[in-house]
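S.K.: Right, I'll just put the structure down here and ask away after.
The values are calculated or read from the model by the stated rules, or taken from the named source; none is laboratory data. Quick caveat, the model's predicted, so the values are computed rather than measured. A quick note on method: Cβ atoms are made from the backbone with ideal geometry, for glycine too, and the neighbour counts reach across all protein chains shown.
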Amino acid sequence: MKLSRFVSRISPQALVLVAAGLSVSCNITALNNLTAPSSDFGPGGQVLPRAIQVGFVNNTSARAIFTFGSYDQLNKDTIPTNLGQLRLEANSSSAQIAQPCRRVFSVGGAELIRLVNENENNPSVVVNDPRALVQGVNFSTAPLGDPLEAEPTEGTSLGREVLLGVDFTCSRTDVLDLTGTGLLIFTFEEDAGAPGGFRIDFQFVEPG
């Protein structure tokens, strides 16, 4: 039987299901990202976002300057949540930082920076360090107080985005907990083969 005659015998509803099945089979990453739990129901049925912990390690010989935050990429009204900015000195690490669990966590990603710029008048999007509002990460060895202290005197790295349900989860150690306890660790490394001479490595530490 010719394919055209076979297709003509399939109902429109069946075609939709077939197309959806093909789409899902080709997009498991997106499916896992969209279905991973990010919130719970609290007292009175109130939706409460779970949380994650985030840490940064600078293994380079230069100061790292960057912006980070999270958002839900398919929500047309999304804005970055708990936007943060750091100037992390060479060979040092940050404290662990609590973040609400959302679909994307970004370190200097282009979409994150776009969302910040588009929502600059929103009171929940606070930019404390305009010179750290850059795509990717800047690396500088200029002394503190120097006009170039936040400029990429040594180079840059590309931004890094990680996905809920794919790269990390917001799992809890106890079903009665209302928050996750996993740790996202971003490590800055010097890499002559990477664009800008630096890269961002990622590790997720499961709750234990």
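S.K.: Among 108, 159, which is the only one that is at positive phi, assigned by TED's automatic domain parsing to the domain that holds residue 55 and not polar (S, T, N, Q)?
M.R.: Going through 108, 159 in turn, the sole match is 108.
S.K.: Being at pLDDT 95 or above, in the same structural domain as residue 69 (by TED's automatic domain parsing) and surrounded by 15 or more Cβ atoms within 10 Å (Cβ to Cβ) is the requirement here; does residue 182 meet it?
M.R.: Details: at pLDDT 95 or above: no; in the same structural domain as residue 69 (by TED's automatic domain parsing): yes; surrounded by 15 or more Cβ atoms within 10 Å (Cβ to Cβ): yes.
No.
S.K.: Could you say which residue among 146, 167, 201, 177 is at pLDDT 95 or above, assigned by TED's automatic domain parsing to the domain that holds residue 50, of a type in the set (D, E, K, R) and surrounded by 13 or more Cβ atoms within 10 Å (Cβ to Cβ)?
M.R.: 201
S.K.: Does residue 65 satisfy being aliphatic (A, V, I, L, M), in contact with a helix residue (DSSP H, G or I) (Cβ under 7 Å, 6 or more places away or on another chain) and closer than 19 Å to residue 152 by Cα?
M.R.: yes
S.K.: Does residue 77 meet the test of being in contact with a Phe, Trp or Tyr (Cβ under 9 Å, 6 or more places away or on another chain), among the acidic types (Asp, Glu) and at pLDDT below 95?
M.R.: no
S.K.: Still on this structure, I have one more. So residue 87 fits all but one of (1) touching a helix residue (DSSP H, G or I) at 6+ places or on another chain (Cβ under 8 Å); (2) within 24 Å of residue 155 (Cα to Cα); (3) without any contact (Cβ under 8 Å) to a residue 40 or more places away in the chain; what number is the exception?
M.R.: (3)
S.K.: Which of the residues that make up the stretch 48-98 are farther than 21 Å from residue 194 by Cβ, charged (D, E, K, R) and buried (at least 19 other Cβ atoms within 10 Å of the Cβ)?
M.R.: 50
S.K.: Something else about it: I'd like to know if the stretch 91-114 contains one or more residues that are in a strand (DSSP E or B) and touching a helix residue (DSSP H, G or I) at 6+ places or on another chain (Cβ under 8 Å).
M.R.: yes
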